[in-house]
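Here's the structure we're looking at; comments come further down.
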Amino acid sequence: METLTVPTSNGQAASGGPLKPFRAAAVLGAGVMGSQIAAHLANAGLQVTLLDVTPEAIGKDGKPNSIVEAAFKAATKMNPAPFFTPSAQKRVRLGNFTDDFALIADADWIIEVVVERMDIKRDVMKRIEEHASPEAIISTNTSGLPIGEIAEGRSDSFKSRFIGTHFFNPPRYLKLFEVIPTAETSPEVTHRVSEFARVHLGKGVVTAKDTPNFIGNRIGVYGMMQSLREFESGRFSIEEIDQLTGTLIGHAKSATFRTADVVGLDTLNHVASNLYEAVPHDESRDAFQVPDVLSRLVELKRTGAKVKEGFYKKVGKDILSIDPETMEYREALESDLDIKAFKKAGDLAARLNALWEDDGRAGDFFRRTTLDLLAYSARRIPEITDSPADADRAMRWGFGWEMGPFQIWDALGVATVRDAINDASIEVPDWVSGAPEAGFFSGGGAWSVVHGSAPPPRQRLRQRA
C-alpha cells in the first residue's frame, strides 16, 4: 500500500470545506496507555468516555466499575501527570463494557486500547460497529498486530472510518503520533485525525505503513538491540555504551540501558520478541532475538526502574550495573574510554564527525553501530514509510534523538557513509547508490530517487519540518 499524502492543510478537509471538529471521544481499555490517552483527549477539551471490563468478566470479584475506577485513580497520581488540570479530569466519565458500552454512541472518535490479542480486538470491533455512530472514526492503538486484520469482518463503511493511531508513552509528553491508514481508510479520515492530533493534541504526525511496529519502534528497537549485543560481546561495559549512546550523539540523556530500565525490561523483551515473530522476511530479523542477559533479567523479575533494579541498581549513593556472567551487581569497571575531546568538538554534527574519524575504541563503536543502523534504516524505505524524512521525525519525536538516521547520514557525508557501507559489505537498497550529493536526504532528494518523482506539495513542505 502506498503511504497517503493529503495535499491540504490549515484546518481544511480534502473537499475544501472546514474539518469537522471532534467533540467527544470514547477510549476502550483503561490500562496505562488507555487511561493516559483519555486524559490527553480531555486536556484538549473533549468529553471522554473511558471503559474497561468488569471484574466478573475476568473471573474476579468487585464492583462493576472497580477496574476502570482504579485505573483512573492511578492516572490522576502518575508522575509526570497525564492531566493538565483537575478540571480536565472532570471531562472523563467512567464505565464498563458490560453495562455501558452503548455510551460510545456519543463519540466522534473511538479508540481501542485493549489487550494485544487479535481475537479480543476483533470482538471489540464487532461491538463497536453495533453501537457507534455511523459517522464516528474508529482507531486502534496497537503496535504489535496488523491494523487491517483487526477490522476483518466489518462493513465497508466501518473499514472506511477505521485507522491505526499510535500514541507513544507517555501520550501527553511524547510528541510522536503515528497514523496508519489501511487500504480501505478514507483519505478524509486520515486527514481529519492527523490535523486534530497536530493542532489540538500538539503532536508531530507521521504517516506509517501497516508493518510491524511501524516506524519509530522498528528502527528504535533495532538500535537498542545493537547496544545490548555490544554489551554481551564483552567489548564494552554498560557504562561505556551509555556514554557513547547518549547526549554525545544527540540521543536522550538516559542513553541505552537507563532508557531500557525506564521503559521496563519486560516491555522491551515483549516488543523485541513480537518483532522477531512478526518480520520473517526482514533480512536482519535475527537482530530482534532477545539477548540472553535481557531474558535472564526478566526471568529474575529485575525489570527496571519500576522494581528498582534492572541493568542498573542504586545501592545507597552508588549506582551499580549488572555483571552478565554472575548476574550480580557491581561497581563500574575501570575504563580507558575518554569522551571529553568529542564533547568539546562543537555542535552535534561536529561531534559525530569527530567520532567517525577517531581510531580508538569510541570511533570503532560509533562507526560499526552507525553504519549498521543507517543501512538498516535505508533498507526499510519504502517498506515502513515512503519518506526518509518521516523516519527521521519518528526518531526525533518518539525517541528524543536530535537527528534521525538520514540526517546523521547527511551530517557525516552521503558519499562517505555510502562508501563505508560498501567497503564493509553491508547490504543497502539500490536507491542509495543514487545518493552522492550533500543534503540528499534532508533536501528531499531521497524521495525522488525512491519514487522516481518529486515529492507531492504537502510532502515537500513536511521535508523541511
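Which trypsin sites (Lys or Arg not before Pro) does region 46-105 hold that lie in a coil by DSSP with at most 11 other beta carbons within 10 Å?
Within region 46-105, the qualifying trypsin sites (Lys or Arg not before Pro) (loop, at most 11 other Cβ atoms within 10 Å) are Lys60, Lys77, Lys90.
When Lys and Arg each count +1 and Asp and Glu each count -1, what net charge do the other residues less than 15 Å away from Gly246, Cβ to Cβ, add up to?
Computed value for this residue: -1.
Can you flag which of Lys73/Lys175; Lys60/Lys253; Lys77/Lys343 are past 32 Å Cα-Cα?
Lys60/Lys253; Lys77/Lys343
With a cut-off of at most 12 other beta carbons within 10 Å, and DSSP calling the residue loop, which chymotrypsin sites (Phe, Trp or Tyr not before Pro) in region 126-202 qualify? Please list them.
Hits after loop and neighbour filter: nothing returned.
Counting Lys and Arg as +1 and Asp and Glu as -1, each charge on the Cβ, what is the dipole of region 323-396 about the Cα centre in debye, to the nearest 20? Spell out each step's value before the answer.
Values: 12 positive and 17 negative charges, 85 e Å.
Charge dipole, region 323-396, about its Cα centre: 400 debye, nearest 20.
Considering only protein heavy atoms, what per residue accessible area in square angstrom results for region 80-146 with a 1.4 angstrom probe?
In whole numbers, region 80-146 has 45 Å² accessible per residue.
What whole number of Å gives the distance from the Cα centroid of region 89-115 to the Cα centroid of region 281-331?
Each part's Cα centre sits 38 Å from the other's.
For region 294-399, what D do you get in µm² per second when you plug the Kirkwood radius from alpha-carbon pairs into Stokes-Einstein at 37 °C and 0.692 mPa s?
Value of D from the Cα-based Kirkwood radius: 190 µm²/s.
What is the magnitude of the charge dipole of region 225-380 about its Cα centre, with +1 placed on the Cβ of each Lys and Arg, -1 on the Cβ of each Asp and Glu, and no other charges, expressed in debye to the nearest 20?
So the dipole magnitude of region 225-380 works out to roughly 620 debye.
Using the charge dipole of the chain (Lys, Arg: +1 at Cβ; Asp, Glu: -1 at Cβ; taken about the Cα centre), state which of Thr267, Leu19, Gly204 has its Cα farthest towards the positive end.
Of Thr267, Leu19, Gly204, it is Leu19.
Loop only per DSSP, at most 15 neighbouring Cβ atoms within 10 Å: give me the chymotrypsin sites (Phe, Trp or Tyr not before Pro) in region 24-103, ordered by residue number.
Numbers: sites: Phe72, Phe83, Phe84, Phe97, Phe101; in loops: Phe83, Phe84, Phe97.
Answer by residue number: Phe84.
Taking the Cα centroid of region 396-432 and of region 218-261, what is the distance between the two, rounded to the nearest whole Å?
Cα centroid to Cα centroid, the span is 18 Å.
Would you work out what percent of the accessible area of region 252-371, with all protein chains in place, is carbon or sulfur (probe 1.4 Å)? Mind dumping the intermediate values first?
On the way: 3250 of 6660 Å².
About 49 percent, which is the carbon plus sulfur part of the accessible surface.
Which listed residue (Gly216, Ser87, Phe162) has the Cα farthest towards the positive end of the charge dipole for the chain, taking +1 on Lys and Arg C-beta and -1 on Asp and Glu C-beta about the Cα centre?
Comparing the listed Cα positions along the dipole, Ser87 ranks first.
State the answer as a single residue: which of Val298, Pro405, Met125 lies farthest towards the positive end of the charge dipole of the chain, with beta carbon charges of +1 for Lys and Arg and -1 for Asp and Glu, about the Cα centre.
With unit charges placed on the Cβ atoms, the residue in question is Met125.
Report, to one decimal in Å, the Kirkwood hydrodynamic radius for region 224-361 based on all distinct Cα pairs.
Result for region 224-361, one decimal place: 16.1 Å.
Starting from the Kirkwood Rh over alpha-carbon pairs, what translational D in µm² s⁻¹ does the chain have by Stokes-Einstein at 25 °C and 0.890 mPa s?
104 µm²/s
Amide H of Glu112: which non-local residues (sequence gap of 5 or more, or other chain) have their own amide H closer than 5 Å, using H built in the peptide plane?
Leu28, Ser139, Thr140, Asn141
Given the rule -39500 (n - 2.57) for each run of at least 4 DSSP H residues, summed and divided by the residues of the chain, what is its mean residue ellipticity at 222 nm, to the nearest 500 deg cm²/dmol?
It lands at -12000 deg cm²/dmol.
Show which aspartates and glutamates lie in cross-link reach of Lys63 when reach means a straight Cα distance below 20 angstrom and same-chain residues fewer than eight apart are skipped.
Those aspartates and glutamates meeting the cut-off are Asp52, Asp99, Asp100.
Along the principal axes of its C-alpha atoms, what lengths does region 39-172 span, in descending order and rounded to whole Å?
That works out to 40, 34, 28 Å along the principal axes.
Amide H to amide H, which residues 5 or more places from Gly204 or on other chains are under 5 Å from it, using H placed in the peptide plane?
Residues meeting the amide H criterion: Leu176, Phe177.
Pull up the DSSP beta bridges for the chain and report the antiparallel fraction as a percent, rounded to 5.
Roughly 35 percent of the beta bridges in the chain run antiparallel, per DSSP.
Each residue of region 201-210 in turn: what ³J(HN,Hα) in whole Hz from Karplus with 6.51, -1.76, 1.60 and θ = phi - 60°, glycine and Pro shown as x?
Once rounded to whole Hz, the list reads 9, x, 9, x, 9, 10, 9, 10, 8, 7.
Tell me, what ³J(HN,Hα) does each residue in region 322-328 have, in order and in whole Hz, if you take phi through Karplus 6.51 cos²θ - 1.76 cosθ + 1.60 with θ = phi - 60° and put x for Gly and Pro?
Calculated HN-Hα couplings, in order: 6, 8, x, 7, 9, 6, 10 Hz.
So how much accessible area does Arg368 have, in Å² to the nearest 10, using a 1.4 Å probe?
70 Å²
The values are calculated or read from the model by the stated rules, or taken from the named source; none is laboratory data. Remember, it's a predicted structure, so these values are computed and weren't measured experimentally. Ideal geometry is used to build each Cβ from the backbone, glycine not excepted, and the neighbour counts take in all protein chains shown. All accessible areas refer to the heavy atoms of the entire protein, side chains included, with ligands and DNA or RNA removed. Shrake-Rupley method; radii C 1.70, N 1.55, O 1.52, S 1.80 Å.
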